[in-house]
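The values are calculated or read from the model by the stated rules, or taken from the named source; none is laboratory data. Here the structure is a predicted model, which means the values were calculated and not measured. Cβ atoms come from the backbone with ideal geometry, glycine included; neighbour counts cover every protein chain shown.
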Amino acid sequence: MSDYRRNGKRKRSREPRDRYLPVPRQLRENLLSIADSPLAVPAKQAQEIATLLGDNFHDEQIKNEFFDLLVRLILEQPFKIPFAAAVILYGNDSKPEITTEALNRAGERLQEAFNAGHWRDVKLLVRFLACLQRLFEGDGVIPLLDKLFDCAVDLQSANENDVVGLELVKIILLTLPYAMGYAETSIVPQALELLEKTEIVASMKLPIEELLESYTGSTDEKPVHYLSVIGLLQLQMRNEEAHGWEFAILPPFPKFISQQVDGQDAMVTTPTLHPFPSLDIVSPVNAGPNPLFPEAYFSLYADQEVETVPKTDDIAASLIRDTIVDTINILDFNRDAVATLLVNMDSYWHPETFIKRGMPFDKIRLGEVEEGKSTWKPEDMVLDGIFSQIFTLPNPERKIVYYHSVITETCKKAPGAVAPSLGRAIRFLFRNLDVMDLELVSRFLDWFAHHLSNFDYRWKWQEWVEDLVRSDLHPKKAFIIAAIDKEIRLSFGKRIKKTIDEEFRYLITEGKEKEVPDFKYADDRTPYAAEGALLQVQIRKKAPDAEIQETINVIHVKAADAGIKDVLIPSTDAFVTCICFIGSVSFSHLISIVDRCKERLLAIGQQSEPARRQIIASIVAYWKDQPGNAINIIDKLLNYTILTPISVIQWALADHLGAGEALAESWTYEMVAKTVAKVTNRVRQIVAARLQEGLTQEQIESIDETLIKEREGMRSYFKFIDDAASVVALGTNDAYIEKVTNGELNAENAAVIKAWGKRWQVVFQRKAHVEETVVGEQAVDARVKLLPTKMETDLKEETQNGNGAMEGLTIEEIE
Amino acid sequence: MAPTTRNTVDRMDKPSSYAASKNKRRKYNRDGDDGDRYQRERTPEFEDKLRDATTLYVGNLSFYTTEEQVHELFSKCGEIKRLVMGLDRFKKTPCGFCFVEYYSHEDALDCMKYIGGTKLDERVIRTDLDEGFSEGRQYGRGKSGGQVRDEYRDEYDPGRGGYGRALAEDLEE
């Protein structure tokens, strides 16, 4: 761990509090660091800040900077919202203007966020206001929540598949706890009224949710049932009623901190009340920049024998999770700061919420914890939050690798506490691999290999030794094989061999340790060995095209004599195998050879589709021990349009399918998924080009034409995949029937293959569905309608931009 | 009053002080606090060059790390358009750095944030926004052909050719 040197940065040492600092900096630092230390008394800190602010309130600059920072803090560090509110609560006692200013700022920002459909910002600002509930006249935040609910109803009645309305309901349900927890006068009746209204929306299940489940398979196999975030929230709020609306995890802010003034307690006064900031809410609301999907609640630790995180029916689960996830997603520009906040996470809740950091799991399991005290482990809570993002369907907010890096940083900060929890997470995931959604398995795999690559490839492989005897088709064995392959990709065979237990080493075959795989034409027994060997020399020496053609002609003649119908197939095999062999030095070598041979490679596919697929077959055959390289090469050839998406999909799911065994290979999935992603990205880019403002009629027509064509292409690929996978799932493919009949496939493996078919189906049905919500006719039409109609005079200038974007798109595609 | 644009925590997707100083030709006060450097104003020229940067300089690689390994890790942030390995000027062998070019600026920034400072081939690598690769920059600029930093390094680094080369020569003499 010592080789991580914090990027060479020195840790800023905390100087004593009484050092001299200019007031603005004092305010900034104190506000930013509020509640960070587990030893601090946040209520006291809040009060100190309030006092300092109050004393300098006449200074416009100080005031401005402070409130800018306050709003920033609310939007960037949601853990600290209650503390930011506490500053205002205390400030209000001596200087109600502080509250007025805070409400103005927050209100303005809230209006902006609302207009733009930035729902997370809306949620966080409303939460801040909810924490100030006791300072408001009348019902405070409640009327706003009512209005939000009305907006949700409008959306829902306009579209039964609407998700923005669900988001609004989520905001309502996540705001109520703070408002109720910090209210002075009870708002229980109002809250109950709201909860009655949200009930229907929260208990709905949209059709797409079927495709968003983390675990597939029959219900009794699933480790966790599908839980929608808002359904859960609704239930948790109902349960909280039984606890007397205690919301026990919220950090407490005593209304008055005993202030000794001349040896006497300060006078207790009634706070000045303020009107709730007025907001202009227009329905239907702006849906926001990103497509939304219903959210599922994912947990690796919840509802198990030992309660190391809140039960899923406890409102604490949602409140803490929401804050963790927001912190992670908002601060993606500084993972180090995120990890610090996460490691300190327990400081931002009621001090009794969690058990001591780093408490060994076994101690909790064996009941060595004081009776009646919390057994929630902060580390489990944090990891659960990070993993919930890695395992978000269809996609989390940030690139998956970001969440990898957050786990890495968290481990680096608190290795002793986090590593054992991480081990338990991995065990849980591995145990339930068989029924996990396939896309999520692939994310688990990527994370696992990448994570180990950051920690000396240390893992207790011995735990999985019993799974080695399984068939390679079994999900657990397939995972082990794929994990080792991924580790090798980030490192190299010999190194990884040293890091795994003896029993596993046979998986790293001799071929996987070779940097340059054998060239099959070097072996005389290979058909066309002489021609293949000659071709290799010719390509290497950059022989003129005519010479190369001559060699290829020889193959064609021989093949025709041998009765081969499509002679282009053996010649393509030779040509591509040679390219792979010569290009095995490095990826850039390969690319430069492909560049040189581009014309010939392009011509192959134009003459024969089977020969085009032979290109793929030859690449995969050459790199059979290191499929990662094959996938990269194929990906590049797609850019060159030497390969087409359908050729890759057909090769994988027809030529290569067998009885369906291919579906168990992680790399086959990776290849298909990557190809599909390329297609869907392109269609999305076209849609983005269409949604530019100020396009000319001509441009619109041209883009629309491309869009229609590409979208149809995309749909046909999805259809092909679904058909192929469904045949496997039903067990109706010929090769399968044959192998089952002649006993080559035993009953167990046959069943496993069918299950793979089903799992592939779910993944690609989901992807197809998701794309329809983004690039389907309905979705695009709806967004086109929102485009402002431009004035004629503006058109000229905009035209050029439009052209540029389309060109950029085509260029990228060709490159 | 213009609102402050500072985030509540520093950003990791800014050019490093090295890139900044190199381009600015202005010496920083090295006593300064690291965190503060980012907040100082830079010359607009430099900002412009990197505003749409899609290329990253990647440093502290092992000499043995291959293109494929770099590719495997860096493609986690987006499709890679071009990868240029840094080579020893004389020997034409990898000398511990490379340039990774993405298709989009966004991907390059994400790479700074998510991959810079993590490990590749069991070494903590450094990433920096770069104005773009140009021919010639793939070669080491050190006296003996590799990177300057490897000339006088007095720590033994098996992944980067042992002791510093100039140092090793001096020792031999």
Would you check which residues across the stretch A:61-92 are among the aliphatic types (A, V, I, L, M) and within 12 Å of another protein chain (Cβ to nearest Cβ) and list them?
A:ILE62, A:LEU69, A:LEU70, A:VAL71, A:LEU73, A:ILE74, A:LEU75, A:ALA84
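Among the residues of the stretch A:401-421, is any away from chain B (no Cβ under 14 Å) and more than 21 Å from A:ILE328 (Cα to Cα)? Steps first, please.
Within the stretch A:401-421, the first condition is being away from chain B (no Cβ under 14 Å), and the residues that meet it are A:414-421.
Those left that are additionally more than 21 Å from A:ILE328 (Cα to Cα): A:416, A:420.
So far as the stretch A:401-421 goes, yes, one or more of its residues are away from chain B (no Cβ under 14 Å) and more than 21 Å from A:ILE328 (Cα to Cα).
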Regarding the stretch A:373-383, can at least one residue be identified that is within 14 Å of A:HIS451 (Cβ to Cβ) and within 14 Å of chain B (Cβ to nearest Cβ)?
no
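Quickly run through the stretch A:545-569 and pick out the residues that are in a helix (DSSP H, G or I) and in contact with a Pro (Cβ under 7 Å, 6 or more places away or on another chain).
Within the stretch A:545-569, the subset in a helix (DSSP H, G or I) is A:545-561, A:568-569.
Hits for the stretch A:545-569 are A:ILE555, A:ALA559, A:ILE569.
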State which residue is surrounded by the most Cβ atoms within 10 Å (Cβ to Cβ) when the search covers only the stretch B:88-128 and only residues that are of a type in the set (S, T, N, Q) and either within 11 Å of another protein chain (Cβ to nearest Cβ) or under 15 Å from the mean Cα position of the chain (by Cα) (or both).
B:THR127
Give just the number: which of (1) surrounded by fewer than 22 Cβ atoms within 10 Å (Cβ to Cβ); (2) in a helix (DSSP H, G or I) does A:LEU342 not satisfy?
(1)
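Anything in the stretch A:303-320 that is within 23 Å of A:GLY423 (Cβ to Cβ), crowded, with 22+ Cβ neighbours inside 10 Å and not β-branched (Val, Ile, Thr)? List them, or say none.
Taking the stretch A:303-320 and keeping what is within 23 Å of A:GLY423 (Cβ to Cβ), we get A:303-312, A:317, A:320.
Among the residues that remain, those that are also crowded, with 22+ Cβ neighbours inside 10 Å are: A:308-310, A:317, A:320.
Of everything in the stretch A:303-320, those that are within 23 Å of A:GLY423 (Cβ to Cβ), crowded, with 22+ Cβ neighbours inside 10 Å and not β-branched (Val, Ile, Thr) turn out to be A:PRO310, A:ALA317.
How many residues are farther than 19 Å from A:SER592 by Cα and of a type outside the set (Lys, Arg) when one looks only at the stretch B:78-102? Show your work before the answer.
First, the residues of the stretch B:78-102 that are farther than 19 Å from A:SER592 by Cα: B:78, B:88-91, B:95-97.
After this cut, where a residue has to be of a type outside the set (Lys, Arg) as well, the list is B:78, B:88, B:90, B:95-97.
Counting residues in the stretch B:78-102 that are farther than 19 Å from A:SER592 by Cα and of a type outside the set (Lys, Arg) gives 6.
Go through the residues of the stretch A:438-451 one by one and say whether even a single one is polar (S, T, N, Q), touching a residue at least 24 places away in the same chain (Cβ under 8 Å), surrounded by 17 or more Cβ atoms within 10 Å (Cβ to Cβ) and under 30 Å from A:ARG766 (Cβ atoms). If you could, list the steps in order and put the result at the bottom.
So in the stretch A:438-451, the residues polar (S, T, N, Q) come out as A:442.
Those still in the list that are touching a residue at least 24 places away in the same chain (Cβ under 8 Å) too: A:442.
Among the residues that remain, those that are also surrounded by 17 or more Cβ atoms within 10 Å (Cβ to Cβ) are: A:442.
If we keep only those that are under 30 Å from A:ARG766 (Cβ atoms) as well, we get A:442.
Within the stretch A:438-451, one or more residues are polar (S, T, N, Q), touching a residue at least 24 places away in the same chain (Cβ under 8 Å), surrounded by 17 or more Cβ atoms within 10 Å (Cβ to Cβ) and under 30 Å from A:ARG766 (Cβ atoms).
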Picking from A:GLU502, A:GLU487, A:GLU466, the residue that is farther than 30 Å from A:ARG759 by Cα and at pLDDT 95 or above would be A:GLU502
In the stretch A:120-139, what count of residues is obtained for those that are over 29 Å from the mean Cα position of the chain (by Cα) and closer than 13 Å to A:ALA106 by Cβ?
6
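Does the stretch A:579-586 include one or more residues that are of a type outside the set (S, T, N, Q), part of a loop (DSSP other than H, G, I, E, B) and more than 14 Å from chain B (Cβ to nearest Cβ)? Working first, answer last.
Applying the first criterion (of a type outside the set (S, T, N, Q)) to the stretch A:579-586 yields A:579-583, A:585.
From what's left, part of a loop (DSSP other than H, G, I, E, B): none.
No, the stretch A:579-586 has no match at all.
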Spot the failing condition for A:ARG427; the list is (1) part of a helix (DSSP H, G or I); (2) within 14 Å of chain B (Cβ to nearest Cβ); (3) surrounded by fewer than 18 Cβ atoms within 10 Å (Cβ to Cβ), and only one is missed.
(2)
Any chance B:GLU131 is within 30 Å of A:ILE330 (Cβ to Cβ), more than 9 Å from chain A (Cβ to nearest Cβ) and surrounded by fewer than 22 Cβ atoms within 10 Å (Cβ to Cβ)
yes
Of those in the stretch A:196-212 that are buried (at least 20 other Cβ atoms within 10 Å of the Cβ) and either over 24 Å from the mean Cα position of the chain (by Cα) or not aliphatic (A, V, I, L, M) (or both), the residue farthest from A:GLU246 (Cα to Cα) is A:VAL201
Residues that are touching a Phe, Trp or Tyr at 6+ places or on another chain (Cβ under 7 Å) and either hydrophobic (A, V, I, L, M, F, W, C) or within 20 Å of A:ASN454 (Cβ to Cβ) (or both), drawn from the stretch A:492-511:
A:ILE496, A:THR499, A:ILE500, A:PHE504
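Out of A:GLY358, A:GLY367, I need the residue that is within 29 Å of the chain's Cα centre (by Cα) and in a loop (DSSP other than H, G, I, E, B). Which one?
Details: A:GLY367 fails: within 29 Å of the chain's Cα centre (by Cα).
Only one candidate qualifies: A:GLY358.
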Please go through the stretch B:71-87 and give me each residue that is buried (at least 21 other Cβ atoms within 10 Å of the Cβ), more than 8 Å from every other protein chain (Cβ to nearest Cβ) and either among the acidic types (Asp, Glu) or closer than 16 Å to B:GLY136 by Cα (or both), ordered by number.
B:GLY86
Look at the stretch A:439-479 and say how many of its residues are within 21 Å of A:PHE492 (Cβ to Cβ), in a helix (DSSP H, G or I) and within 14 Å of another protein chain (Cβ to nearest Cβ).
10
Give A:ALA546, A:ALA530, A:ALA559, A:ALA483 a once-over and let me know the one that is free of Cβ contacts under 8 Å to residues at least 12 places away in the same chain and surrounded by 14 or more Cβ atoms within 10 Å (Cβ to Cβ).
A:ALA530
Does A:ILE320 satisfy the criteria of being of a type in the set (A, V, I, L, M) and more than 14 Å from chain B (Cβ to nearest Cβ)?
yes
